[in-house]
Amino acid sequence: MDDEQQRPEHGPLAGFTVGVTAARRADELGALLQRRGATVLHAPAIRIVPLADDSELLAATKQLIDQAPDVVVATTAIGFRGWVEAADGWGLGDALLERLRAVELLARGPKVKGAVRAAGLTEEWSPASESMAEVLDRLLEQGVDGRRIAVQLHGEPLPGFVESLKAGGAEVVGVPVYRWLPPEDLGPVDRLLDAAVSRGVDAVTFTSAPAAASLLSRAEERGLLPELLAAFGHDVLPACVGPVTAVPLQGHGVDTVQPERFRLGPLVQLLCRELPGRARALPVAGHRLEVRGHAVLVDGELRTVPPAGMSLLRALSRRPGWVVPRAELLRALPGTGRDEHAVETAMARLRTSLGAPKLIQTVVKRGYRLALDPATDAKYTDG
């Protein structure tokens, strides 16, 4: 068996660390990322109030049973199923289904339509686009003045939806299928924030607007909001499952990336393209060196590097071909030591980790440099 066949396989996200803020389906998202090689830092930024324990949903359900709406808008499959299950638990399931059979029931997209039909109901209409904007357009075209419209809320803001219905003269009843609250244990969130501002993660994923808002709020409480926004602006990629999720981040001027299809799978695929595309690849000493978050690819082979070594390598790769003084490399090391011997120790370990000692040259009495190939040296060292 040749070396190429013996080389271990690694996923497109190998060497990258990704923060996951999701509360619901966090395990699924984490597994998808890990399967592609990522290290996952899980920090649920919100918690969900269980449906059957939620007095607000109980009150809204009783209100709709007692006073029929003209229209009910179902927005998520899991939320609609949960509403029916919770009503069953309260002994109101049959009454709720009877009420829903007698009203105009709109389902936002195929998944919601499936949940509606599984409950023995039939939707009046469902947009193929899964767009709440299309649902709103249909309602406004029909005219909503004087109509009573119940909207199943799902924890995320519906920008302009409720306001537009009210402006058109409708009475809007919110059905809070589940509520978001801050997590009981803030430790994981704080660790994610610390990792983000110190560039210890390469990306943070968001699958709900409340999670994004909660993370920003906690950063503000800790006085870290400016640093977090700076990290999102340069080194840490904020990836949102869709435009609604991105609203709190955009409110702070943060540009996000989003998949074309608002699902977990496409979100992970997006990261598989974006993160390797952001990694710096350099021709060094006859090898191809690609610097990732906590690992390095040398000629396509994954090499795990200790944190101190990664700090040195990042400092060297910022100015490939240039000599970086020991004093500057010492400042780049984690901690606040003053002994330049720490640089030599970390450098020796880095060279061992890379498996190709000649990638980094020692320049006597000056410092170290990446041994950039001569053909490309002028590109990086001139000017």
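The values are calculated or read from the model by the stated rules, or taken from the named source; none is laboratory data. Here the structure is a predicted model, which means the values were calculated and not measured. Note: ideal-geometry Cβ built from the backbone for every residue, glycine included; neighbour counts use all protein chains shown. All accessible areas refer to the heavy atoms of the entire protein, side chains included, with ligands and DNA or RNA removed. Shrake-Rupley method; radii C 1.70, N 1.55, O 1.52, S 1.80 Å.
Please indicate, with yes or no, whether at least one residue in region 244-262 is at pLDDT 90 or above, open to solvent by 10 Å² or more (accessible area, probe 1.4 Å) and in contact with a Lys or Arg (Cβ under 9 Å, 6 or more places away or on another chain). No, every residue in region 244-262 fails to be at pLDDT 90 or above, open to solvent by 10 Å² or more (accessible area, probe 1.4 Å) and in contact with a Lys or Arg (Cβ under 9 Å, 6 or more places away or on another chain). Can you name every residue in region 261-290 that is among the aliphatic types (A, V, I, L, M) and either out of contact with any Leu (no Cβ under 6 Å at 6 or more places or on another chain) or within 26 Å of P320 (Cβ to Cβ) (or both)? The answer is L267, L270, L271, L275, A279, A281, L282, V284, A285, L289. Looking only at residues in region 230-250 that are in a loop (DSSP other than H, G, I, E, B) and under 14 Å from the mean Cα position of the chain (by Cα), the one that is nearest to L267 (Cα to Cα) is V241. The residues in region 277-303 that are within 9 Å of G15 (Cα to Cα), open to solvent by 40 Å² or more (accessible area, probe 1.4 Å) and either over 28 Å from the mean Cα position of the chain (by Cα) or at pLDDT below 90 (or both) can be counted, and the count is 1.
Per-residue answers, yes or no, for (1) free of Cβ contacts under 8 Å to residues at least 24 places away in the same chain; (2) open to solvent by 10 Å² or more (accessible area, probe 1.4 Å); (3) acidic (D, E); (4) farther than 25 Å from Q67 by Cα:
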| residue | (1), (2), (3), (4) |
| --- | --- |
| S164 | no, yes, no, no |
| E171 | no, yes, yes, no |
| W180 | no, yes, no, yes |
| D185 | yes, yes, yes, yes |
| A196 | no, no, no, yes |
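Where the second residue is open to solvent by 70 Å² or more (accessible area, probe 1.4 Å) and part of a helix (DSSP H, G or I) and the first is among the aromatic types (F, W, Y) and lies in region 89-104, which pairs have Cβ atoms under 9 Å and are six or more apart or on separate chains? These pairs meet every condition: W90/K62.
Taking (1) touching a Leu at 6+ places or on another chain (Cβ under 9 Å); (2) surrounded by fewer than 19 Cβ atoms within 10 Å (Cβ to Cβ); (3) charged (D, E, K, R) in turn, D202 satisfies each apart from (2). Of the residues making up region 208-237, those that are open to solvent by 30 Å² or more (accessible area, probe 1.4 Å) and not basic (K, R) number 12.
Across region 315-326, the number of residues qualifying as modelled with pLDDT under 90 and in a helix (DSSP H, G or I) comes to 1. The residue that is modelled with the highest pLDDT, counting only those in region 35-72 that are in a helix (DSSP H, G or I) and in contact with a strand residue (DSSP E or B) (Cβ under 6 Å, 6 or more places away or on another chain), is L64.
One residue is enough: does region 281-298 have a residue meeting the conditions assigned to a loop (DSSP other than H, G, I, E, B) and touching a Lys or Arg at 6+ places or on another chain (Cβ under 7 Å)? Yes, because at least one residue in region 281-298 is assigned to a loop (DSSP other than H, G, I, E, B) and touching a Lys or Arg at 6+ places or on another chain (Cβ under 7 Å).
Can you find even one residue in region 17-24 that is at pLDDT below 95, touching a strand residue (DSSP E or B) at 6+ places or on another chain (Cβ under 9 Å) and exposed (fewer than 14 other Cβ atoms within 10 Å of the Cβ)? No, region 17-24 contains no residue that is at pLDDT below 95, touching a strand residue (DSSP E or B) at 6+ places or on another chain (Cβ under 9 Å) and exposed (fewer than 14 other Cβ atoms within 10 Å of the Cβ). The single condition among (1) free of Cβ contacts under 8 Å to residues at least 12 places away in the same chain; (2) assigned to a helix (DSSP H, G or I) that E227 does not meet is (1). Residues in region 176-212 that are part of a strand (DSSP E or B) and either at pLDDT 95 or above or over 30 Å from V162 (Cα atoms) (or both): A203, V204, T205, F206. Restricting to region 81-134, what's the tally of residues that are open to solvent by less than 60 Å² (accessible area, probe 1.4 Å), closer than 16 Å to L57 by Cα and in a helix (DSSP H, G or I)? So the answer is 10.
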